[in-house]
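Quick note: the coordinates plus some simple rules give every number you see, no bench work behind them. These figures come from a predicted structure and were not determined experimentally. Note: ideal-geometry Cβ built from the backbone for every residue, glycine included; neighbour counts use all protein chains shown.
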Amino acid sequence: MAAAVRVAPSAATRALKLLRTVQYTHPPSCPCHSNPGHHHHHAARPQIDAYAQRTWQTGRRGFASPMDPSQQKEYAFEMAASSIRFGPGVTQEVGMDFKNMGVKRVCVVTDPTVRQLTAMKQVEEALSREGVEYDIFDKVRVEPKDSSIKEAIEFAKPYKPDAFLAVGGGSVIDTAKLMNLYTEYPDADFLDFVNAPLGNGRPIDKQLKPLIAIPTTAGTGSETTGTAIFDLVAKRAKTGIAHRNLKPTLGICDPLNTRTMPAAVKASSGLDVLCHALESWTAIPFNERTPRPTNPIMRPAYQGANPISDIFSLSALRSTVKYLPRSVKDPEDFEAQSEMLLAATLAGVGFGNAGVHLCHGMSYPISGQNPGYQHAGYEVSTPIIPHGVSVAVSAPAVFRFTGPSNPERHLAAAEAFGVDVTNVKREDAGEALADAVTAFLAELGDQPKGLKELGFGHDHIDALVEGTIPQARVLMLAPGLAAELERERDQLRRLFEDAMVH
C-alpha cells in the first residue's frame, strides 16, 4: 500500500488558523467584535433577532424583490429627524442661522397670540440684527382647517421666500410645512399630497426650502417630524401629509418660550406627548408592517416600533409622567417646563419614525365632529376640543384593547406610571395600563372623563367610526385591529362605546 502523502498547508491557511486561535483565546478589548460566542451576541433585540433567525433558516436575506409586494412584510426601518438645538435663550441665534445658510428673504409664520409674545420679538430682533429680510404671516388658525392652510399658501406664493421660520405651537409649524410644500409645487392640486384614501398620497420627490421651527408649546414634537395635520372640512375628518422631506431643517427648542403657556395648554400639549410615547411604544413592530415598499421613497414615515424609536418613546413617557403634573400645577417650576419641552422633542423623534395608532386615529373625528364643546382655558371664539384632549380621552379604552397584542410592553408602560406589575398577569396587562392612564388623567385635573363629557352620545358612534376608518396611515400600525373592513368597523364601534366613560 502506498504511503500517505502529507500536504503542507499554504501560508494563507496557516495565517487563517492563527487568526482564529487568537480570536478565541485572546479577544481584543471590544468583546462584541471579537469572539462570536461572547454573551453580547445573544442579546439582540427580538425584532432583529427574529429576522436573523428567518434568514438563517431559509438561507435567503430577503432583499426587496418580492413577487407580490402587497403580501411581503417590511424588512428594514429608517430613522429621520430634524437637527435639534436645545437651551434657554437659543432663540436669539436664529438670525445667524439664516445668514449662515445664505438666506436673504424669510417668511415668518405665527398666530395672533404668539405674535404678541417675547419669542416673536426676539425673532424679529435676531433677523434684523443680521440684515435678513422677512415678512410675517400671523393668521394661523389653532387646529388648522384646509381653508386656513390654503390662505397661508396664497400669502407665501407671491412673496417667494428663500426659507421659512415657524414660531408657535404645532398648528403654526404644520402650517409652515405646508406653505413650504405648496410653494415648491405651485401647480399641484391641494389633495395631491394628502394622505390616502382622503387624498392621493403623492410622495414629495424633491427637497424643499429650509424651514426652522421654534416651538412655543411642549407637545406636538412637530419640530422633529415630517407630518402636518389639519381638518379636511368637506370630509368632517382630520387628515394630513406625511413625508420625510417635510421635516424642518432645524428645531430651536428654547424652554424660555414655553413659560407663557396657560395651564390648560400645558396640560393638553403634555397629553399629546404622553400618547405619542405610548402609541409609538405599543405600535406593531416595523417588520410586521405590510406592504414592503418597492422603492425606498415609498417607505412611510410611520413605520412601526423599532429598536431606535423605542429608546426615545420610553424616555419621553417616563419624563411626561414625572414632569407634566408639576408643569401644569406650578407656573414657576422651570425645571418641569424644560423637561416637558425635551420630552416633547424626544417623543417627536420616537413617533415621527415609529408612528401612532388608535388614540390618534380616533381623535381626528372626535375633534372634527365636535358637538359644541369649548375646553376651558383656551382663548378662542369657536368651540374647540384641543388635540391632546381628543387623543387622551380614548386612551384607557385603546390600551385595554391593545393589551393582548404585547403584554410585556403594556406592563412596561404601566410600570412607567409607578404601577407595581410584579403580580400582574399577562392577560391583565392592558387593564393595568388603562387604569394607570385613567388615574393619571384624574390627577392632572380638568380633563373630560370620557366622550360623554365632550357632548358625544351613542347616536354619534357610527359617524365617529366612519371618520376613523379613513385614517389608514395610523390604523395600519394598530395592534389587534382587523384588516377586514366590517370586523374593523365593529371593533372601532366597541372602542368608542368603551371610551364614553372612564
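Numbers for the structure displayed
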| read-out | value |
| --- | --- |
| Loop-located chymotrypsin sites (Phe, Trp or Tyr not before Pro) in the range 291-323 whose Cβ has at most 15 other Cβ within 10 Å (DSSP) | none |
| Order by protection proxy (mean Cβ within 10 Å, highest first), peptides 412-422, 227-237 | 227-237, 412-422 |
| Dipole magnitude (debye, nearest 20) for the chain, charges at Cβ of Lys, Arg, Asp, Glu | 2060 |
| Relative contact order (%) - criterion: Cα under 8 Å, at least six apart; region: the range 324-455 | 23 |
| For the range 263-498: rounded, prolate or oblate by the Cα gyration tensor [a/c cutoff 1.5] | rounded |
| Over the chain, volume per residue of the alpha carbon convex hull, in Å³ | 214 |
| Nonlocal amide H pairs with K238, under 5 Å, H built at 1.01 Å | L232, G368 |
| Residue order, fewest to most surrounding Cβ atoms within 10 angstrom, among S381, S390 | S381, S390 |
| Between the range 212-271 and the range 334-410, the Cα center-to-center distance that results, in Å | 12 |
| Residue exposure sequence - S148, S363 - by fewest surrounding Cβ within 10 Å | S148, S363 |
| Straight-distance crosslink candidates among lysines, where the alpha carbon sits under 17 Å from K99 and sequence neighbours closer than 8 are dropped | K209 |
| Sequence-separation-based contact order of the range 263-498, relative, with Cα cut under 8 Å and 6+ spacing, percent | 25 |
| Candidate lysines for bridging to K266, where Cα separation is under 26 Å - those fewer than 8 sequence places away on the same chain excluded | K121, K139, K145, K177, K238, K247, K322, K329, K449, K452 |
| Relative exposure of K452, K177, judged by other C-beta atoms within 10 Å (fewest first) | K452, K177 |
| Cα gyration tensor shape for the range 406-492, rounded if a/c is under 1.5, else prolate or oblate | oblate |
| Most positive-pole-ward Cα, H460, G102, A347, against dipole of the chain from beta carbon charges | G102 |
| Top positive-direction residue, dipole computed over the range 383-475 with Cβ charges, set P448, P470, H410 | P470 |
